[in-house]
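Below: one structure, written as structure tokens.
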Amino acid sequence: MTNPSFLDKIATVLIEEYSNQLANTIVVLPNKRAKIFLIEALKKQVANNILAPEITSIEDFIQDIASIRTVDPIELLFEFYEVYLSITDKAQQQSFEVFANWAKTLLQDFNEIDRYLLDSNHVLSYLKDIEDIKKWGVEVENKTQLLENYIDFWKLLPKYYQSLYDHLLKKGIGYQGLIYREAVTNLTVFSKTINSKKYIFAGFNALNAAEEKIIQHLIASNQAAIYWDVDQTFLNDPYHDAGLFVRRFKESWKHYKSNPFEWIVDDFSKSKNIQVIGTPKTIGQAKITGSIIENSITQNPNATLDKVAIVLGEENLLVPLLYALPATVGALNITMGYSSKNNPAQILIAKLFKMHTNALSRNATSYVFYYKDVLDILTHPLIEPYAKTNDLVKIINQNNYTFITHKKLTELHETQNDLFDLLFQKWEKGSIAVLETISSLLLTLKANLSTDNEDEKITKAFVFAIFKIINKLINYYSQHQHIDKIDTLYAIYKQVIDLAEVSFEGEPLNGLQIMGVLESRVLDFETVIVTSMNEGKFPAGKSMNSFIPYDVKRELGLPTFKEKDAIYTYHFYHLLQRAKNIYLLYNTESDGLDGGEKSRFITQLEVEKQANHNLSHEIYNATLPETAYQPMVIPKSESMMIRLKEIAEQGFSPSALTSYIRNPIQFYFQKILRIREVEEVEENIALNTLGTIIHETLRVLYTPFIDKFISETDILNCFKQIDSEVLNQFKLVYKEGEIKKGRNLLAFEVAKHNVSNFLKVELESIKNGDAIKILALEQTYERKLEHSSLPFPVLIKGNVDRIEERNGNIRIIDYKTGKVEKTNVTLKTWKGLTEDIKNDKIIQVLAYAYMYEEKANGKPMEAGIISFKNLKAGFLPFTFKEGKEVSSIIELPILPNYLEQLVLLLSEILDATIPFNEKI
């Protein structure tokens, strides 16, 4: 038989002991979430209709006593800033963004002081004295103005506290601590107004001083009862942190001097299967959790998952976990705070702020966007499917728009729509107008998302969370317009987003429960999976975000990391208390952002192992294949052979042949599948672009000399045209790209320098008596290759940079902007020519020679390279070095030998039985 849960036991007490006054009974629980579970527990135990008791959370209960509305953290920051400005000298006033950095910490301290009913003057003056002694008290005569201001800040803390307290009280609003302090003040009056009511406090562990005082007062007045949920294993061990608070209450509360302590249970020592699983990284934990759930469903297909809880030690595991859960998980209930920092809608708004603030600061008159900011917005997953901006992204990439004016952007996007207008509307009408634009944008995004799709449903929750924050900001900003600047607004937005959380809707009683540690309070599950069981995550570690030092906290009775650890310890052991199957997951890697040693809680379970606990420890590592990567092998299909024949008819270029030698898979992707590289904005001029500009400039400069012998005067005239022609080519090739500054300006100068150096070499040759006649520039040639080894004729086709007649010889020239040496075009043996990529330049220039051979009319022919990075070497012709004989003239048997090697290569490419094998 299953042990009754804690809430089942509370339901039994309510029915058996309070059945006559259920309507006047109020059950107070640690959180709101447990309410629906308690009602369900009551339903199971009654046959007839009854009037349910009122069920509330401790915070709502305290708020009722105090009659003060809770202020949310965002509103509190704004209210505190108002107070700060009113009591701080104008010269000393800080901007909101600077103020918020320390104010959030100070507000936490104010909250603790009030929750523990301490004298604020005493505590805050104490801090001033500590700072004075610690830093500057010794050398009074050496104090600078900066140091004086620092001490003045600490002197002002009591005034900040009291002024804020009075200001909030006057408005009838308050932070948690203020409400608790006021509730204690109103306690006697409240106690007199509830004569007929009975309060049941259930499932508490740690209580602050205000809660202790209120609960003890009501118990002493016979207006309340309290039921603890503590296991004897923890309570009776004086060193076990899970029982730390309850031990203190049992010993110190006056009520327990003459009344029994309820309840002490013995559930933890009962039979449990505990599996401790270590795995690398966060994603590994998500995958294993998914596997555990999948196995659970497979082993018991008819069982429901409502008795299973996944408790996430850190919230950023939520999204990977949702993707790791099996499709067979039906109902899902997520009850945990998820930080808005990781929210996709928040990331979009942050990018939007970045784009507009950059645009405003870049050029106040014309509002200029940076292309990366624009593309970040247009390609965001919440925008891309709905904004219809694919053509605009293409235009920006193709034309190298680095900076785009607002006017130009709207001109480029012809199919305007509401979403586009909201994204790129100018932010020039003040902060409230900006926030209203963002609010409209978020509503538009929300309308685009479907409620049927589970992924989009979660995204909708993300969008709605940010929408609520923006609307709050509109409300607060309209009341607190201190500095109407977009920069300040963004700083405020960043501050409030830190305090905001996304909440998800779900069916609490159905399906798999996913929750944070605090959401698990009072609830019991049969199967519990806890993730991130690493030190620093679970428990959270010793970080104390407070101005009050540790020793002062100890002295004043404020909670330190010791108490915070004890709270975590209680929650952890309470999760295990009535569970039967427990899985504790941790990250095995000690380095990296999410690294850390395994939690001390795991070690404690191992050291203090209970007799009935079956505890096992496993390490799961990803199974690595013996070979890290298996090269691709693509067999040639019928359709591939049709495509290869098509290429053969259209023409194999020398670059296509060398791409096959480099890697057949590269040839397959580029030529067979026709996959091109994604076009992107070329912010800094790439080497191939620079090469194109140099090629095109030389083509334009030399075109007037086709079929003519070049004179010295011709070259001198070319020198005069370099600047204007290089600029013209930059504009044609680089389009809208920025060329007047930075690395691009250097590239522009490099292009001019290369062209100028080339002309100098040419001029020197003419002066030395060379007769140079230009025959062709950037011209395409082709020649059909037929051979018995080939399944069909193959056209060899390519674009030749320059063909000239020099001193009676034909010279075929290929320009290279990179460095080429003489050895790159020298061949010693024909064997294996097409097997080594080192021979790519030889294969290329001999292909040009083969194509042009018939047009050479028997004149001696050379083919080679001019390297702009090795211009001193001049023309580098192909040479065949056989023994000591070296010849650069392409004569028999050079081309027949070359064709023999080329046919071998083409036979392999066109052989249906030889697959495309990847080279790695």
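With respect to the conditions (1) under 25 Å from the mean Cα position of the chain (by Cα); (2) without any contact (Cβ under 8 Å) to a residue 60 or more places away in the chain, ILE395 falls short on a single one, namely (1). Determine whether LYS859 is over 19 Å from ASN663 (Cα atoms) and charged (D, E, K, R). Against the criterion (over 19 Å from ASN663 (Cα atoms) and charged (D, E, K, R)), LYS859 qualifies. Quick check on PHE878: is it in contact (Cβ under 8 Å) with a residue 60 or more places away in the chain and of a type outside the set (Gly, Ala, Ser)? No.
The set of residues from the range 675-710 being touching a strand residue (DSSP E or B) at 6+ places or on another chain (Cβ under 6 Å) and either outside the structural domain of ILE774 (by TED's automatic domain parsing) or basic (Lys, Arg) (or both) comprises just one member, ARG699.
Of all residues in the range 306-315, at least one satisfies being in the same structural domain as GLU535 (by TED's automatic domain parsing), over 21 Å from the mean Cα position of the chain (by Cα), modelled with pLDDT under 90 and within 20 Å of MET515 (Cα to Cα). Here ILE458 meets each of (1) under 25 Å from ASN342 (Cβ atoms); (2) modelled with pLDDT of 85 or more; (3) touching a helix residue (DSSP H, G or I) at 6+ places or on another chain (Cβ under 8 Å) with one exception, condition (2). Taken over the range 450-475, the criterion of being buried (at least 20 other Cβ atoms within 10 Å of the Cβ) and in contact with an Asp or Glu (Cβ under 8 Å, 6 or more places away or on another chain) is satisfied by ALA465 alone. Restricting attention to the range 884-898, the residues that are buried (at least 16 other Cβ atoms within 10 Å of the Cβ) and in contact with a strand residue (DSSP E or B) (Cβ under 7 Å, 6 or more places away or on another chain) add up to 3.
Would you call ASP524 outside the structural domain of LYS457 (by TED's automatic domain parsing), acidic (Asp, Glu) and either at pLDDT 90 or above or part of a loop (DSSP other than H, G, I, E, B) (or both)? When the stated conditions are applied, ASP524 passes them.
Of the strands (runs of 3 or more DSSP E) lying entirely inside the range 850-900, those containing at least 3 residues that are in the same structural domain as LEU690 (by TED's automatic domain parsing) and in contact with a Leu (Cβ under 9 Å, 6 or more places away or on another chain) span 861-867, 879-882. Where residues in the range 644-670 are in contact with a Lys or Arg (Cβ under 8 Å, 6 or more places away or on another chain) and free of Cβ contacts under 8 Å to residues at least 60 places away in the same chain, which of them is farthest from THR379 (Cα to Cα)? Checked the range 644-670; the qualifying residue farthest from THR379 (Cα to Cα) is ILE647. Could you grab me the full set of residues in the range 6-32 that are closer than 26 Å to PHE525 by Cβ and surrounded by fewer than 21 Cβ atoms within 10 Å (Cβ to Cβ)? Matches in the range 6-32: ASP8, LYS9, THR12, VAL13, ILE15, GLU16, PRO30, ASN31, LYS32. Selection of the range 533-560 for residues being farther than 30 Å from ASP8 by Cβ, part of a loop (DSSP other than H, G, I, E, B) and not hydrophobic (A, V, I, L, M, F, W, C) yields GLU535, GLY536, LYS537, GLY541, LYS542, SER543, ASN545, SER546, PRO549, GLY557, PRO559, THR560.
The rows are residues; the columns are (1) surrounded by fewer than 19 Cβ atoms within 10 Å (Cβ to Cβ); (2) modelled with pLDDT of 90 or more; (3) assigned by TED's automatic domain parsing to the domain that holds ALA210.
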site: ALA34; (1), (2), (3): no, no, yes
site: LEU38; (1), (2), (3): no, yes, yes
site: ASN49; (1), (2), (3): yes, no, yes
site: GLU54; (1), (2), (3): yes, yes, yes
site: PHE110; (1), (2), (3): no, yes, no
site: LEU117; (1), (2), (3): yes, yes, no
site: ILE151; (1), (2), (3): yes, no, no
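The helices (runs of 4 or more DSSP H) located wholly in the range 597-671 that include 1 or more residues which are closer than 30 Å to GLN577 by Cβ occupy 600-607. Entry remark, the range 245-278: residues being outside any loop (DSSP other than H, G, I, E, B), in contact with a strand residue (DSSP E or B) (Cβ under 7 Å, 6 or more places away or on another chain) and crowded, with 16+ Cβ neighbours inside 10 Å number 9 in total. Scanning the range 582-612 for residues that are buried (at least 17 other Cβ atoms within 10 Å of the Cβ), modelled with pLDDT under 95 and closer than 25 Å to TRP263 by Cβ returns PHE601, LEU605. Looking across the range 633-654, just one residue is surrounded by fewer than 16 Cβ atoms within 10 Å (Cβ to Cβ) and within 25 Å of GLY832 (Cβ to Cβ), and that is VAL633. Using the structure shown, decide if ILE292 is crowded, with 20+ Cβ neighbours inside 10 Å and either within 23 Å of LEU576 (Cβ to Cβ) or assigned by TED's automatic domain parsing to the domain that holds ILE36 (or both). So ILE292 does not fit the description; no.
Restricting the range 672-708 to residues that are in a helix (DSSP H, G or I) and β-branched (Val, Ile, Thr) leaves a set whose member that is modelled with the lowest pLDDT is THR689. Scanning the range 498-521 for residues that are in a helix (DSSP H, G or I) and modelled with pLDDT of 80 or more returns LEU518, GLU519, SER520.
Does VAL319 qualify as being farther than 23 Å from PHE424 by Cα and in contact with a Gly (Cβ under 9 Å, 6 or more places away or on another chain)? So VAL319 fails the test. What do you reckon, is LEU169 surrounded by fewer than 19 Cβ atoms within 10 Å (Cβ to Cβ) and either modelled with pLDDT under 90 or not in a helix (DSSP H, G or I) (or both)? Taking the combined requirement at face value, the residue does not satisfy it.
Restricting the range 901-920 to residues that are β-branched (Val, Ile, Thr) and in a loop (DSSP other than H, G, I, E, B), which is farthest from the chain's Cα centre (by Cα)? Checking each candidate, the answer is THR913.
Across the range 819-837, the number of residues qualifying as over 21 Å from GLU862 (Cβ atoms), surrounded by fewer than 18 Cβ atoms within 10 Å (Cβ to Cβ) and in contact with a helix residue (DSSP H, G or I) (Cβ under 8 Å, 6 or more places away or on another chain) comes to 3.
Could you please find all residues in the range 1-59 being free of Cβ contacts under 8 Å to residues at least 12 places away in the same chain and in contact with a Ser or Thr (Cβ under 9 Å, 6 or more places away or on another chain)? Answer for the range 1-59, where residues must be free of Cβ contacts under 8 Å to residues at least 12 places away in the same chain and in contact with a Ser or Thr (Cβ under 9 Å, 6 or more places away or on another chain): just PRO4.
The values are calculated or read from the model by the stated rules, or taken from the named source; none is laboratory data. These numbers come from a predicted model, not from an experiment. Methodologically, a virtual Cβ is constructed for each residue, glycine included, from the backbone with ideal geometry; neighbour enumeration extends over all protein chains shown.
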